[in-house]
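Taking it in order: structure first as structure tokens, then the write-up.
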Amino acid sequence: MSLAVYTKPVDGTIPVAALLYDDEDLLASQDGVGIYDGNQKSPPHQSGSIHITSHRLFFITSSSYPFRSQSSSASLDDSFSLDLASISQTEYYAGLFTSSAKITLHLTPQSALSPSGSAPAEAGAESNNWATWECEVCGYRNPPGLSPAKSAVCGLCGVPRSISSPSSSSSPSPAPIRNSKPSSLPTLSTASHLQTRAISTPPSPDTDAQPTSDFIECPACTFHNHPSLRVCEICSTALPPRVPQGAHAKSAPTSRAMTPAPGPPSLDADEPGMIKLSFRKGGDKNMYAVLKRSLLGKGWEVKEVIARKSGTSTPGTGSATPGVSGINQILQSIQTTSQARQTDLSSALSDLEALMNQTKKMVNLAKDLCIRWEAIEAKNAFNPYPTAATPTASSSNTTHDKESAKFIRNSLSQLGLQLPNAPVTQDMYDDERRWVEGLAVELAGVLQGSQGMNSVGGIMKRRGIVGLDEIWGGWNRARGVALIPPSTFLSVLPHLQVHTNPTLLTRSFPSGLTVLHTPPYTHKAFTARLVSLLTLSGEKTTLDIAREEEVNVGLAREMVEAVERDGEVVRDEDGGEGEGGVFGGGKEVRWWRNVFVEYAWDGQTF
Amino acid sequence: MTLASFTTPSGFLLPSIHSAPPFFTQQPNPNTQSIVTENWTRLILTYARYRRLFFIKLEDAETKGGDWDEVLRNERINRQLFPSHLSHILSQMVERNQAVYEPQKQTRSVLLYWRLPEEWAEVLHEWVTTTGQLNSILTFYEIIEPPIESVLSGIPMTLLRKAISILGRTGRAQIISVADGEGVRFFAGTGK
């Protein structure tokens with residue numbers, strides 16, 4: 001009974017060209033062909049024409065078939081189509097005497113052809129082949145008439161249809177299009193019920209399928225529901241899924257064969273079926289060649305492969321197989337990226353948090369250490385030779401300890417952990433003016449080193465001029481807690497002069513850079529120094545001057561430009577061949593003593 | 001840091017300031033720059049007079065090979081006057097009536113007044129007098145390209161017209177239309 005299982009009825013009154021999918025090509029046709037189902041002649045299919053396309057093989061009965069009147073059930077709709085995909089092997093028999101040439105088509109077992117899982121989706125897609133559907137993503141109305149593989153994705157954006165209709169099996173089309181409709185629903189019918197249906201159903205094209213023996217009884221109200229329903233029509237209770245009774249014969253989407261079975265056909269789906277084409281009017285060689293070519297071309301398979309592949313790329317979506325092209329892919333990649341970013345971010349944040357916890361511990365540890373050293377030192381100072389028993393060892397120990405203590409305290413102070421002078425905070429003073437004074441004293445200590453402790457060097461211990469930003473940062477780092485806002489910092493600066501020994505002065509450059517500097521770095525002193533330097537050793541670049549003055553280059557530039565504004569120095573921009581702007585960006589500027597002021601003309605005169 | 005004057009191949013004595021690299025840089029300090037401009041002006045006018053050059057263009061600073069290379073470039077210290085700087089100097093010169101933009105309504109080319117038009121007028125009159133051409137009609141061409149080279153040889157037409165019009169104001173010259181263009185008749189000194 002291969003014929004019933006593998007073929008699909010088609011309307012033979014329609015020209016073959018109209019039966020094709022949009023992406024299907026008609027390759028060859030031949031009339032005068034009869035069909036053998038297995039090794040036996042199939043009575044309704046003894047005279048017709050064969051059409052081979054890129055996807056399918058059509059058999060269209062010719063109306064002049066003499067046996068037609070005999071068999072009442074036979075009509076034009078004995079015509080059928082056979083998916084080339086189900087052909088596993090072909091054989092050619094050239095014919096002998098009265099026996100006409102034949103082509104034998106060995107068919108793939110149904111169970112192998114439709115692996116579980118993909119079968120329902122395919123069947124569902126098939127059922128809607130001849131209906132338009134609207135893509136959920138781009139709103140494109142996909143036209144009907146594409147091959148099953150192709151119609152599974154939106155023609156415009158490539159998003160699989162399964163997204164727009166997630167469970168194809170649960171969406172029975174409201175209007176039964178043709179009688180092929182119910183049959184193609186993925187009812188996992190058994191072989192036996194296939195038989196009953198095939199027998200009981202009058203194979204007329206116009207009658208809808210009325211499966212009489214094939215209801216699902218509602219577990220709640222016992223109503224006999226149509227097999228394709230998922231919920232009870234009366235009480236909306238979920239219906240039990242229809243479990244296949246046999247291990248084989250899993251799905252027979254194309255089982256609505258119109259052929260009345262002459263007897264109970266013993267179909268074993270695992271046994272490969274066979275169909276023979278008998279060429280009674282010749283043309284067999286040509287047809288066989290075309291068939292071979294079409295089989296090799298596998299026009300039906302290409303898209304299916306793609307669809308399957310994409311299905312594996314997103315596991316978990318099950319039968320919903322999104323395509324790998326179009327908007328869908330973009331959306332998917334965006335989602336993946338954002339997900340990855342979020343994971344990264346959260347892990348980074350948790351790392352940071354862990355680090356912070358660790359830092360707290362470290363700081364506490366360091367403080368603890370500092371206090372202990374203080375205590376030990378105090379004890380040692382109080383009693384330099386603690387015991388007479390081990391004088392030498394302990395004394396060497398003490399000096400060693402002292403040195404390491406010093407080192408550790410230095411390190412701690414560099415880290416800004418000077419415990420002895422705890423940061424000055426507002427709550428220590430009742431008066432804001434005094435608080436600012438206190439801050440000034442503290443800042444002076446940070447800048448120039450505490451007067452009492454020579455070991456601790458301040459920020460400006462060796463540098464004459466430092467930017468405010470650096471000082472502010474350094475001060476706050478030294479404080480560690482109760483950080484000083486910039487506004488407070490600026491209000492402290494004027495008080496600094498009183499508490500510093502060389503007096504620290506503030507100076508603002510036209511660029512907005514403000515610095516604290518020692519007296520040797522006043523504008524006047526610097527000008528004098530610069531001019532004498534230039535007079536003695538000729539021109540200098542900004543870099544040279546910065547090195548000479550031990551300040552950074554930006555600062556040196558600011559300082560020299562201030563001198564230039566007084567007209568004490570002049571610039572020489574070695575612009576090369578480029579366009580010379582006044583304040584050329586990357587050009588190296590060489591500074592000269594003002595050679596113009598006292599210049600007297602010594603050139604040509606008339 | 002000693003700067004020395006330098007004699008160019010054409011025999012012009014460049015001032016020592018021309019060997020100072022900062023001289024070629026436009027100084028942001030206005031006071032300094034005014035000294036620089038002043039020296040440049042003097043240098044340009046002197047050189048122009050030496051070489052009898054009447055025009056200087058920004059192109060002279062932009063490209064090599066012009067009449068002004070000796071002044072606008074100093075290969076010995078690898079410096080050159082940049083067009084922007086030259087443009088600044090020229091605008092100062094125009095402001096001080098040491099040059100005019102020629103042609104007008106642009107700033108890329110100037111006519112240098114190493115003699116002022118008034119001075120040119122005197123030179124012209126003196127030349128006419130000494131060559132005995134008073135009261136006779138001279139075409140402009142005869143003045144610009146006299147058979148015997150004179151101080152006026154090659155003087156630009158615009159400058160010549162200015163000088164003649166100055167003379168005309170004091171009644172020492174009169175422009176007359178002649179067959180092939182314009183001519184000018186000079187009169188004796190303070191006669192009128």
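Which one is farthest from the other protein chains (Cβ to nearest Cβ) among residues in the stretch A:578-601 that are farther than 15 Å from A:E561 by Cβ, modelled with pLDDT of 75 or more and surrounded by 15 or more Cβ atoms within 10 Å (Cβ to Cβ)? Filtering the stretch A:578-601 for residues that are farther than 15 Å from A:E561 by Cβ, modelled with pLDDT of 75 or more and surrounded by 15 or more Cβ atoms within 10 Å (Cβ to Cβ), the one farthest from the other protein chains (Cβ to nearest Cβ) comes out as A:R593.
Cβ-Cβ under 6 Å, sequence separation 6+ or interchain: first residue in the stretch B:120-141 and assigned by TED's automatic domain parsing to the domain that holds B:R49, partner at pLDDT below 85 and of a type outside the set (V, I, T). Which pairs? Hits for this filter: zero, empty list. Of all residues in the stretch A:552-567, those satisfying the criterion of being of a type in the set (A, V, I, L, M) and within 14 Å of another protein chain (Cβ to nearest Cβ) are A:V560, A:A562, A:V563. If the condition is being charged (D, E, K, R) and either on the phi > 0 side of the Ramachandran plot or in contact with a Gly (Cβ under 9 Å, 6 or more places away or on another chain) (or both), then the stretch B:34-50 contributes only B:R42.
Picking from residues in the stretch A:1-58 that are touching a His at 6+ places or on another chain (Cβ under 6 Å) and within 17 Å of A:I103 (Cα to Cα), the one that is surrounded by the fewest Cβ atoms within 10 Å (Cβ to Cβ) is A:S29.
Matching residues to (1) within 22 Å of A:D574 (Cβ to Cβ); (2) open to solvent by 40 Å² or more (accessible area, probe 1.4 Å):
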| residue | (1), (2) |
| --- | --- |
| B:L53 | no, no |
| B:E62 | yes, yes |
| B:L72 | yes, no |
| B:Q80 | yes, no |
| B:L112 | no, no |
| B:P117 | no, no |
| B:A121 | no, no |
| B:L124 | no, no |
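Those helices (runs of 4 or more DSSP H) of the stretch B:4-94 in which 3 or more residues are polar (S, T, N, Q), within 29 Å of A:L534 (Cβ to Cβ) and within 11 Å of another protein chain (Cβ to nearest Cβ) occupy B:30-51.
Each row is one residue, and each column tells you yes or no for (1) at pLDDT 50 or above; (2) of a type in the set (A, V, I, L, M, F, W, C); (3) open to solvent by 50 Å² or more (accessible area, probe 1.4 Å).
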{"position": "A:S99", "(1), (2), (3)": "yes, no, no"}
{"position": "A:P115", "(1), (2), (3)": "no, no, yes"}
{"position": "A:G124", "(1), (2), (3)": "no, no, no"}
{"position": "A:N129", "(1), (2), (3)": "yes, no, no"}
{"position": "A:W133", "(1), (2), (3)": "yes, yes, no"}
{"position": "A:V159", "(1), (2), (3)": "yes, yes, no"}
{"position": "A:S162", "(1), (2), (3)": "yes, no, no"}
{"position": "A:S168", "(1), (2), (3)": "no, no, no"}
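So, B:L111, is that one assigned to a strand (DSSP E or B) and either aromatic (F, W, Y) or in contact with a Lys or Arg (Cβ under 8 Å, 6 or more places away or on another chain) (or both) or not? No; evaluated as a whole, the condition is false for this residue.
Condition check ((1) more than 14 Å from A:A556 (Cα to Cα); (2) open to solvent by less than 70 Å² (accessible area, probe 1.4 Å)) across all residues:
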site	(1), (2)
A:M460	yes, yes
A:I465	no, yes
A:L483	yes, no
A:S487	yes, no
A:P502	yes, no
A:L505	yes, yes
A:T518	yes, yes
A:T527	no, yes
A:S532	yes, yes
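All conditions but one from (1) open to solvent by 70 Å² or more (accessible area, probe 1.4 Å); (2) of a type in the set (G, A, S); (3) modelled with pLDDT of 85 or more apply to A:A562; the one that does not is (1). Under the condition of being open to solvent by less than 70 Å² (accessible area, probe 1.4 Å) and either polar (S, T, N, Q) or over 19 Å from B:T131 (Cα atoms) (or both), the residues counted in the stretch B:143-167 number 7. Criterion applied to B:S34, B:S87 was being open to solvent by 10 Å² or more (accessible area, probe 1.4 Å) and either in contact (Cβ under 8 Å) with a residue 12 or more places away in the chain or basic (K, R) (or both), and the one residue passing it is B:S87. The single condition among (1) small (G, A, S); (2) more than 25 Å from B:R51 (Cβ to Cβ); (3) at pLDDT below 85; (4) part of a loop (DSSP other than H, G, I, E, B) that B:S177 does not satisfy is (4). Among residues of the stretch A:212-238 that are of a type in the set (V, I, T), those with a beta-carbon under 8 Å from a residue that is not in a loop (DSSP other than H, G, I, E, B) at least six positions away or on a different chain give the pairs A:T212/A:S200; A:I216/A:H224; A:I216/A:N225; A:V231/A:A238; A:T237/A:V231.
The values are calculated or read from the model by the stated rules, or taken from the named source; none is laboratory data. From a predicted model like this one, the values you see are computed outputs, not experimental measurements. When we count neighbours, we look across all protein chains shown, and the Cβ atoms used for this are built from the backbone with ideal geometry, even at glycine. Ligands, DNA and RNA are stripped out before the accessible areas are found, and what is left, the full protein with its side chains, is counted by its heavy atoms. Shrake-Rupley method; radii C 1.70, N 1.55, O 1.52, S 1.80 Å.
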